[in-house]
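Shown next, in structure tokens, is the structure this report addresses.
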Amino acid sequence: MPGSHKKNTKSKTLKGIGVSPGVVIGPVFLLTRETLRVMERTLVGNDIQNEIIRFERALIETRRQIKVLQEEMEKRAPGSGEMILEAHLLVLDDRAFSGEILKRIRQEHRNAEPIISEVAENYANILGSVNDAYLRERVSDLRDVARRVVRNLVGGVGPSLSELARKHIIVATDLVPSETASMRKDMVMGFATDTGSPTSHTAVMARAFEIPAIVGLHNATEQVETGDEVLIDGNKGIFIIRPTPEDLERYGRVAKARKDIEDELTTLKDQPAETTDKHRIVLSANMETTEEIDTVIQYGSEGVGLFRSEFLYLSRDEIVSEQEQAQVYSEVAERLSPNPVIVRTLDLGGDKFMDGGLAELREPNPFLGCRSIRFMLQNPDHFKSQLRAILRASIHGNVKIMYPMITNALEIDQANELLEEAKEDLTRLNVKYDADIDVGVMIEIPSAALMADTLAEKVDFFSVGTNDLVQYTLAVDRINERVAYLYQPAHPAVLRLIKETIDAGHRKNIWVGLCGEMAADPLLAPLLVGMGIDELSVAPSAVPMIKDAIRRVDYIRLQNLATIALSCKSADEILRHCHNLTSEVAPELLELV
Ligand code: PEP
Ligand code: MG
């Protein structure tokens, strides 16, 4: 069964990419695609009978598959199918085996998957210990069959992480944003994945939920098994398997030192984000779900610079109704009033998909396909329903609309036309809304940055989305850890595009913000201020750290840093200058990144 060959008692340290800060120590729940299927659920009422039917169907399907396999093997190597797969069929038809599983489903009110694994493992232990070579060889047949039945039970769709019954650290091959979105913070202490990157939406969610996390560990899933103790340092990307008493003591000290720095930073809650010579910017928060409203307030952000509305849709298989959306946006607007809340219209596609719905979004190159505003403009009814929901919320606070993934001015015109129609719909229905609602666009595609002067004439603000701008400028998939070394927000080409956007916006008298993860880097945020950015929007928990980084230095110095950075030839050179400044003015912040 999963991981049983990995028994080891030695401590081992792996290095990945820390994407969500915090140190946690706890037992592993190994979530490879295989183990996802053996997660436990409690059955109530009719569930038990349904589970029995489900199990019996899986047995029938498994039998059919083995027969097909047997025929194929017979064709390729006569005799081989008979030998190997007949034993599988024997296991499957063994009444004692399936009878025990059925009995336990009825008695224990648990789903079939973990029971099959447990019964198979008991049989395997008995067979493995008898003094008969033939029977001992049947152990692997038994395990194979059990795995096949489990696979058929779920048909590729595993139960959700929300069903985890005890506190664990999830170690997974990968996690998609909808899986992360379904995590319960009280059950998931932290997570670590073999794949992934800091700007994947899985990482974004981890920061939003304040769950310490590491990605890009390559093969962590091959080195642990469920129940192993591990330590995660989400700041530095350190993953320790079976930590020693010395590790635990050292990390106790590290966590305490970081906590002291963080406590100190909370005293800045009501202070402005301004340099020592009073150049002030707006420091807002990014949010994905209403669960974050309290944290947004608690950390002292000045509103929401990016509300990723699509997270309402993840882990659903249907479109969210206008009424439900309006309720959510109104709640956020009301709680944060008078501070602004920028609702970004749906940005599905890329790495964000709904559980089963909107299958048309599944494409060969989802980051270059019908993602985001493109999908919405092709589905004007969905779009108008979302726009009406945002407009309805606009009377409950200071709400603004933002269109993502804009590539040209025509898309803004088309979106604005639909906005006008949405307004007319509400007027006809006698529903109140803010008729002068501000409309902005994300600048996250190089063409938009280069055309920023044209786009600026059509909107009230820009927000630079560097997570995508970096990916599209440097042709580096933002969620692929194999090319993570090329994903450089401080690349001179990226900085020039940002500078172009800021200057174009200012020439047309609109403000320019930045809501990509780059804004939450205490080395880079001061540089962005020096380049003239008006607003930064970061994960709520990063607000105090970024505020501190800005408050330690004067504006002239940051303008000089920007001038130097814009003349550098490489990201490394630029980062060196930024690092030197931070080590001089705020060295303790380096401990947090
Ligand atoms: C971005 O691209 O920088 C951004 C903030 O949007 P998202 O990460 O949701 O694509
Ligand atoms: Mg984006």
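Taking R0 as 41 Å, what FRET efficiency do you get between Asp554 and Arg496 from their Cβ-Cβ distance, rounded to the nearest 0.05? Write out the running numbers ahead of the final one.
Working: r = 25 Å, r/R0 = 0.60.
According to the calculation, E is roughly 0.95.
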Checklist entry - What FRET efficiency would be calculated for the residue pair Glu222, Leu590, taking the C-beta separation as r and a Förster radius of 35 Å, to the nearest 0.05? => result 0.60
Next on the checklist: Quick check on packing: order 585-591, 471-477, 208-214, 528-534 by the mean number of other C-beta atoms within 10 Å, highest mean leading.
Outcome noted: 208-214, 528-534, 471-477, 585-591
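Which number do you get for Rg(Cα) / (2.2 N^0.38 Å) in the stretch 477-568? Working shown, then result.
Values: Rg = 13.5 Å, N = 92, 2.2 N^0.38 = 12.3 Å.
Compared with the compact-globule rule of thumb, the stretch 477-568 sits at 1.10.
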Next on the checklist: Once you keep just the Cα pairs under 8 angstrom separated by 6 or more residues, what percentage relative contact order results for the chain?
Outcome noted: 15 percent
Checklist outcome for this item: Here the gain from full extension of Glu108 to Glu56, 0.36 nm per residue of separation minus their alpha-carbon distance, amounts to 17.0 nm
Checklist entry - So what are the ³J(HN,Hα) numbers for the stretch 364-379, from phi and the Karplus equation (6.51, -1.76, 1.60; θ = phi - 60°), rounded to whole Hz, Gly and Pro as x? => result x, 10, x, 6, 10, x, 7, 8, 6, 4, 5, 4, 5, 5, 7, 10
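Students often check this: by mean Cβ neighbours within 10 Å, which of 509-516, 143-150, 321-328 ranks highest, and how do the rest follow? Numbers along the way, then the final one.
Details: 509-516: 22.8, 143-150: 21.2, 321-328: 16.5.
Those peptides, ordered most packed to least, come out 509-516, 143-150, 321-328.
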Checklist outcome for this item: For the stretch 544-593, the Kirkwood Rh over every pair of distinct alpha carbons, in Å, works out to 11.4 Å
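Could you grab the relative contact order for the stretch 407-481? Cα pairs under 8 Å, six or more apart, rounded to a whole percent.
On the way: 61 pairs, mean separation 23.2, N = 75.
Answer for the stretch 407-481 is 31 percent.
Sort the following peptides by mean Cβ neighbour count (other Cβ atoms within 10 Å, averaged over residues), highest first: 555-568, 401-414. Let's see the in-between values first.
Numbers: 555-568: 16.8, 401-414: 19.6.
Taking the mean over residues of other Cβ atoms within 10 Å, the ranking is 401-414, 555-568.
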Item to check | Heavy-atom SASA rank of Tyr299, Tyr251, Tyr485 (probe 1.4 Å, accessible area, largest first) | outcome: Tyr485, Tyr299, Tyr251
Item to check | Accessible-area value, His168, 1.4 Å probe, nucleic acids and ligands omitted, Å² | outcome: 30 Å²
Checklist entry - Ranked from the most accessible area to the least, with a 1.4 Å probe and all protein chains present, what is the order of Glu288, Glu331? => result Glu331, Glu288
Item to check | Spin-label model distance (nm) - Ser583 vs Gln271, 7 Å beyond Cα toward Cβ | outcome: 2.4 nm
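Using a 1.4 Å probe and counting only protein heavy atoms, arrange Tyr123, Tyr329 so the residue with the most accessible area comes first.
Working: Tyr123 55, Tyr329 5 Å².
Correct descending sequence by accessible area is Tyr123, Tyr329.
Calculate, for Arg166 and Asp572, the FRET efficiency according to 1/(1 + (r/R0)^6) with r their C-beta to C-beta distance and R0 60 Å; round to the nearest 0.05.
Efficiency for this residue pair is about 0.85.
May I ask you to compute the full-extension gain from Ile126 to Thr290, defined as 0.36 nm times their residue separation minus their alpha-carbon distance, rounded to one decimal in nm?
Working: separation 164, 0.36 × 164 = 59.04 nm, distance 5.16 nm.
In short, 53.9 nm is gained.
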Checklist entry - For the stretch 381-389, in order, what is each residue's ³J(HN,Hα) by Karplus, 6.51 cos²θ - 1.76 cosθ + 1.60 with θ = phi - 60°, in whole Hz (x at glycine and Pro)? => result 5, 4, 5, 5, 5, 5, 4, 5, 4
Checklist outcome for this item: SASA check, Glu246, accessible area w/ 1.4 Å probe, all protein chains in place, rounded to nearest 10 Å², comes out at 120 Å²
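Give me the extension gain from Val431 to Asp413: residue separation times 0.36 nm, minus the current Cα-Cα distance, reported in nm with one decimal.
Gain on stretching Val431 to Asp413: 4.1 nm.
Of all alpha-carbon pairs in the chain, indicate the percentage at a distance above 33 angstrom.
50 percent
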Checklist outcome for this item: Long-range amide H partners of Thr193, meaning residues 5 or more apart or on another chain whose placed amide H is closer than 5 Å, are Ala172, Ile214, Val215, Gly216, Leu217
Checklist outcome for this item: Residue by residue through the stretch 298-311, the couplings from Karplus 6.51 cos²θ - 1.76 cosθ + 1.60 with θ = phi - 60°, in Hz, x for Gly and Pro, are 4, 7, x, 7, 9, x, 10, x, 7, 9, 7, 5, 5, 5
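Set the bar at 31 Å for Cα to Cα. Now go through Lys103/Lys185; Lys67/Lys167; Lys15/Lys547 and name every pair that lies beyond it. Please list the in-between numbers first.
Working: Lys103/Lys185 34 Å; Lys67/Lys167 41 Å; Lys15/Lys547 29 Å.
Exceeds cut-off: Lys103/Lys185; Lys67/Lys167.
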Checklist entry - Hey, got the dipole for the chain? About the Cα centre, +1 on K and R Cβ, -1 on D and E Cβ, debye to the nearest 20? => result 1000 debye
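So, for the chain, what is the accessible surface per residue at a probe of 1.4 Å, expressed in square angstrom?
On the way: 25200 Å² over 593 residues.
Result: 43 Å² of accessible area for each residue.
Where the accessible area of the chain is counted over protein heavy atoms with a 1.4 Å probe, how much of it, in %, is carbon and sulfur? Let's see the in-between values first.
Working: 12820 of 25200 Å².
Exposed carbon and sulfur together represent 51 percent of the surface.
The values are calculated or read from the model by the stated rules, or taken from the named source; none is laboratory data. Model, not experiment: these values are computed from the prediction. Heads up, the Cβs are rebuilt from the backbone with ideal geometry, glycines too, and the neighbour counts pull from every protein chain shown. To get the accessible areas, we keep the full protein, side chains included, count just its heavy atoms, and leave off ligands, DNA and RNA. Shrake-Rupley method; radii C 1.70, N 1.55, O 1.52, S 1.80 Å.
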